[in-house]
Every structure is written in structure tokens, then in C-alpha cells.
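Working notes, beginning with the structure itself.
Each reported figure results from applying straightforward, stated rules to the coordinates on display, with no laboratory input. Bear in mind the structure is a predicted one, so any value in this text is a computation, not a measurement. For neighbour counting, all protein chains shown are included, and Cβ atoms are generated from backbone atoms with ideal geometry for every residue, glycine included.
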Amino acid sequence: MIKRYALIFASALIIALVAVFISAPGSYDFFRFKMGNYDIRGETASVKDAIKLFSASISGFYASGGNPAGLNMFPAEKLIKRRIFMDINYAKKAGQALVMDRDKSDIKQITFMDPVRAVAVVNESWFNEYQDYETRKKLSNKKANIITVRYFLKKMWSKWIVVEYEVFGRDDKIPPVPVEWFVRI
Amino acid sequence: MKISKIVVSDELFFGLCAFIACYVFIMTTGIFSPYPEGLMKTLHNYPALFALLVLLVSVCTRMIMDFRAGNKEWIYLYCGFIMITAGIFVSSLTRFEGRMILAEGQIISGARSDYIPETLYLRKFAAPPRIAIELNRVSPLFKKTGKGLWYVSSGGKYQGQSRRGDFKINSLVPLLLDGTFYTVKGFGYAPKCFITGPSGDVMNDAYSIMKLFPPDAEDSFRLLSIPHTFYLRYYPEGLRTGGASASGQKKGPLYKLRIAKNLDILFNGYVSQNENIAVGSISVSIVDIKKWVEVAVVRDYGIYLIIPGIAIAVISAIWGAAVRQKMQSGRVTA
């Protein structure tokens, strides 16, 4: 009698699991992720590449005074792109160009929230200099910009894309990842 | 075996109950799914509804068979169970859920746009309750450390479809108003940042809803017209320890303000209220701060069947068990 009911319960559990996988999108990938069936090394390398490309692209956009070449490859959300080009265009209107040279970039931590979302904390050092837009003569001395950036990335169409980032001073205490990040996207 | 026998069999009843319990457990804990779902939302999913439908047929058949056989001791239990199941079906058609942010002094009309879009959950025949609210006060009860909350209450005026009056809502007990439940689910501060542009034109003069509680929590806001990001932390009682030198000996309510333009930090420091900070071509000052609450709004007509159904089922189960025991002890005595 008990054996029969144990068997019924086990069957119900298996059917419930199948129902969860069918009714909740992404649950099978999440299950695999939880079970450790996830290419952490490969994905970590991809996230690092995305962050490197992000920094290099920003530097390029500023140095070229807003040349959109490479914009399609730039791994960022539309609003981030919009803010960058807005800044470049404001400087351009004032006859200036901001040149950002990346000195160091040290990825401190990469955390995978689920198979398609990651948070990376990166220590970055930049040197910023304002130049005349036309002649490229120096308008200011090089200013060191030592920052810690927390990148929020999402994997879309098999590519990691920066959907948001927060900029901290090197001495700032970094607050915990906001709860909304788990449900936002 | 005949279908009718399968329908009323204990094995089917147990299996369906086990399936629903396992499905609800997995979905609500979120162990195998990306996000934990609420209980009612899980019960509204097709697998649970289908299992409940089969269970309902099984229970109704059992009830009819028992009734025909003159066995009436479990009738109320069956009725209770049918009410619960029917309630879940009604709920799956009529449930409305949403969360709204209300700051002190704010008036909302109760339109769909007043709710946080990601929190809206509307079933086929659901609509937001027609109620206008004016929030007058938010009263949090802080823990001694100042970093936690015991309780938040708030109050104001409302105007529903049929009546108007004052209301008080809190974070512990839901308030039932015009058939809708209201509970406080979150608390924070909304600073008013006064931002002016190069020619003195006002770029921002509005309160920004920010998650600035507890004191070390940080939130940010942006304006569409400039590429700056404004990061804020709020210390209502100033810095308690260790931060006096960092804040430049400033006392009273303090804000930690950081202004970044893309990857460039333009300002990073502590500011007092009304202190003006000039950064490049813009100037910023925090002129006022208000409290806000996040209110969860739930309207679900199925609840009016589910709650009485649970009460009837529990009472009748206890009563039925007692009657059965009494009959058995009577037989033993005889």
C-alpha cells in the first residue's frame, strides 16, 4: 500500500517537473545552470571580451569625435549608446573633443546570476584630455580618472551585451546588486 | 477497470493532490525556474488548472456517489473543496495585481499608468480598481540601528466608486477597501534635485523616487537631456561613525552625491540639503526630500470563495472525524 502511494508520488513529482519545464520559459536552462552544467570558463571569457570591446569602443568613439564606425559591434544597450553620443555631440558643439585613454583594466569579479545574466566588477584607470575638435590641440591637461565600474550584462542572440553600468570612485563602498536586477530584464 | 472507478479512486485523488503540491512547491520556491512565482499565479498556470479540473470532477463524482449511498458525513468537506477549486477558477479569470509608488502629498487617479508596469498582473476579466488616492503621511517605525524597519503605516483620503473617506494602510495587515486589498510593501525616500543648465534654465525640479533606505543603499537617476548619472545615498541622521572626516565635519541630514558622465566621475562627495554643487556647465542642489511607500494592490473575486471554502473544509473535516470516531466507539460499546 505504502509502496504504491510512494510510486504515485514519485510519478506526480516527475510530471510536475516536466510541467514546470514546459510552462516556465527558460526553466530547463536554469535547471542545467543550477546543476552545474554550464560552461563557466567559456562564458567568463566571453564576458571579458565584451567588456574589453565595450571600453575600446567607447575610447574610439570619443577619440574620433563621434564616428559611428563600429557602432553595430559595440556591445551595449541603445540608451547607453545614446548617452555616449549625446556627450560627444555636446563637446563637439563647444568645439571640443574628449580623448579617453585606458591605462589599466582589471576585472575583479564576474558573477553569473543565471545562464543569461552576469555582473562584472572592473577596476579601471583612464586618462582624459580635452582637445580642440578641429586642430586637436590640447585644451586641458591629462586628468586621471580612477574608477570601479560594475557592469550588468545580458546574453542576447548568443552575445553578451552591457545593459547597464554603475561608476564608483575607487574608495566607494559598492552596494549589493539591486533586487530589481533579478526581475528587471 | 471502469472510468467511473478510476475517477473516484483514492490513487487518482492522491496523485492529483501530489502533482499540484509538487508543481506549486517547485514554482513558488523557484528552485528549478528562473524566478519564484506567487501561489495564486502558479495555480493560474494551465498544468495546475487542468489538474484542478480533473480533481473537481473526481470530488463531484465522489460526492454524488456518497450522497446516493446515504453517506452524508463528508458532504460539507466536499462542498468546501468544491468552493476552493471554483474560487481558483474564478481567480484565474478575475485576479488583478499591481504595485504603485505613492509619495507624501501625491494624488493618483488609479489608472493603469499609475502602476509599475512590471508588477501588473491582469487576468482576462480583470481591471484596475477605480479609486483615487491622496497620500498624506508615511510613518515608518525604524529599528534601533536605523538600518531596518519594524513597520510602516501611511494614510490619506480616497474616493472609490460608491464612497469616499480616510484610509490607513500598513505593512502588516492588508486593508480591504471597495473589494480590493491594499498593503504597504516597500519604503524609501524621494529627494527633489534642483538642476540648472549653463544658462540658468531649470532642467529638473521634480521629486525622484529612489531606493535610499537603509542609509547605505544607493540609487541613481538620469535626465534624458544630459548624459549625466546622479548617484545618491541618504543619511537622515548624518554619518554616525567613521565618516565625519569624509563628510568634512558636516552634520544633520547628509547626502552622498556622485555625478558621473558616462565613465567620467565629475563629483563625488557629501552634500547637505540646499548646498549648491557646480559641475561643469550644470549645478545641482537637493532642496527637499519626501517619504514614499510601495503599495501592493490585489483584487480577486475568487478569494471570496476560497477563504469560506477553506473554513468549511477544515471545520467539516474535524467535525466529520469526530462523528466517525463517536460512531465507532458506539459500535464498540454495543
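Annotations
- Of the GluC sites (Glu not before Pro) found in segment A:111-148, those in coil by DSSP whose Cβ has at most 16 other Cβ atoms within 10 Å are A:134.
- With a cut-off of 13 Å between beta carbons, the residues surrounding residue B:320 carry a summed charge of +1, where Lys and Arg count +1 and Asp and Glu -1.
- Working from label points 7 Å from Cα in the Cα-to-Cβ sense, the residue A:170 to residue B:4 distance is 8.4 nm.
- Helix runs (DSSP H) in chain A reaching 30 Å along axis by Cα, Kyte-Doolittle at least 1.6: A:2-23
- Normalised per residue, the volume of the convex hull around the Cα set of segment B:1-130 (Å³): 155
- Residues with amide H under 5 Å from that of residue B:279, placed H, sequence gap 5 or more: B:284
- The residues neighbouring residue A:161, those whose beta-carbon lies less than 10 Å from its own, together hold a net charge of +2 under the Lys/Arg +1, Asp/Glu -1 convention.
- When only alpha carbons of segment B:189-287 are considered, Rg and Dmax amount to 13.0, 40 Å.
- Hits among aspartates and glutamates - C-alpha to C-alpha of residue A:34 under 14 Å, sequence gap 8 or more where chains match: A:114
- Computed from Cα positions, the angle between helix B:75-94 and the longest principal axis of chain B comes to roughly 40 degrees.
- Positive minus negative residues near residue A:55 (Lys, Arg vs Asp, Glu; Cβ under 9 Å): +1
- In angstrom, the C-alpha Rg and Dmax of segment B:268-334 are 32.8, 99.
- With respect to chain B, whose longest principal axis is taken over its alpha-carbon atoms, helix B:46-68 is tilted by about 30°.
- Efficiency of FRET between residue B:224 and residue B:111 - r from beta-carbon atoms, R0 30 angstrom, step 0.05: 0.85
- Residue-by-residue Karplus 3J(HN,Hα) for segment B:188-203, coefficients 6.51, -1.76, 1.60, Hz, glycine and proline x: x, 10, 10, x, 9, 9, 9, 10, 10, x, x, 9, x, 6, 6, 9
- Residue by residue along B:6-19, Cβ atoms of other protein chains within 10 Å of the local Cβ number 3 on average.
- Qualifying lysines (Cα of each under 24 Å from Cα of residue B:185; at least 8 residues distant if same chain): B:41, B:143, B:144, B:147, B:157, B:168, B:211, B:290, B:291
- Inter-label distance for residue A:138 and residue A:113, nm, one decimal - labels placed 7 Å from Cα along Cα-to-Cβ: 4.3
- Approximating the spin labels as points 7 Å out from Cα along Cα→Cβ, the residue B:157-to-residue A:22 distance works out to 5.4 nm.
- Proximity of backbone amide H atoms, modeled 1.01 Å from N, is registered between residue B:262 and B:229 at under 5 Å, excluding neighbours fewer than 5 places apart on the same chain.
- The aspartates and glutamates within cross-link reach of residue B:2, meaning a Cα-to-Cα straight distance under 17 Å and a gap of 8 or more places when in the same chain, are B:10, B:11.
- Compared with the dominant principal axis of the Cα atoms in chain B, helix B:303-333 is inclined by about 40°.
- log₁₀ of I(q)/I(0) at q = 0.10, 0.13 Å⁻¹ - the protein assembly as shown, Debye sum with one point per alpha carbon: -0.99, -1.36
- Computed across chain A, the Kirkwood hydrodynamic radius from all distinct Cα-Cα pairs reaches 19.3 Å.
- Gap separating the Cα centres of segment B:159-214 and segment B:70-141, nearest whole Å: 20
- Long-range amide H partners of residue B:289 with built H, under 5 Å: B:192
- Estimated FRET transfer efficiency (residue B:122, residue B:251; beta-carbon r; R0 45 Å; 0.05): 0.40
- Ordered by the count of other Cβ atoms within 10 Å of each Cβ, fewest first, B:60, B:22, B:193 give B:60, B:22, B:193.
- Filtered trypsin sites (Lys or Arg not before Pro), segment B:97-146: DSSP coil and at most 12 other beta carbons within 10 Å: B:124, B:143, B:144
- Residue exposure sequence - B:44, B:228 - by fewest surrounding Cβ within 10 Å: B:44, B:228
- Distance from segment B:2-19 to segment B:289-334 (C-alpha centre basis), Å: 23
- Enclosing the Cα atoms of chain B in their convex hull gives a volume equal to 222 cubic angstrom per residue.
- From phi via Karplus (6.51, -1.76, 1.60), per-residue ³J(HN,Hα) for segment B:133-143 in Hz, x at Gly/Pro: 10, 10, 8, 9, 8, 10, 10, x, 10, 7, 6
- Computed on segment A:57-143, the Cα convex hull volume stands at 101 Å³ per residue.
- Cα gyration tensor shape of segment A:14-62, rounded if a/c is under 1.5, else prolate or oblate by comparing a/b with b/c: oblate
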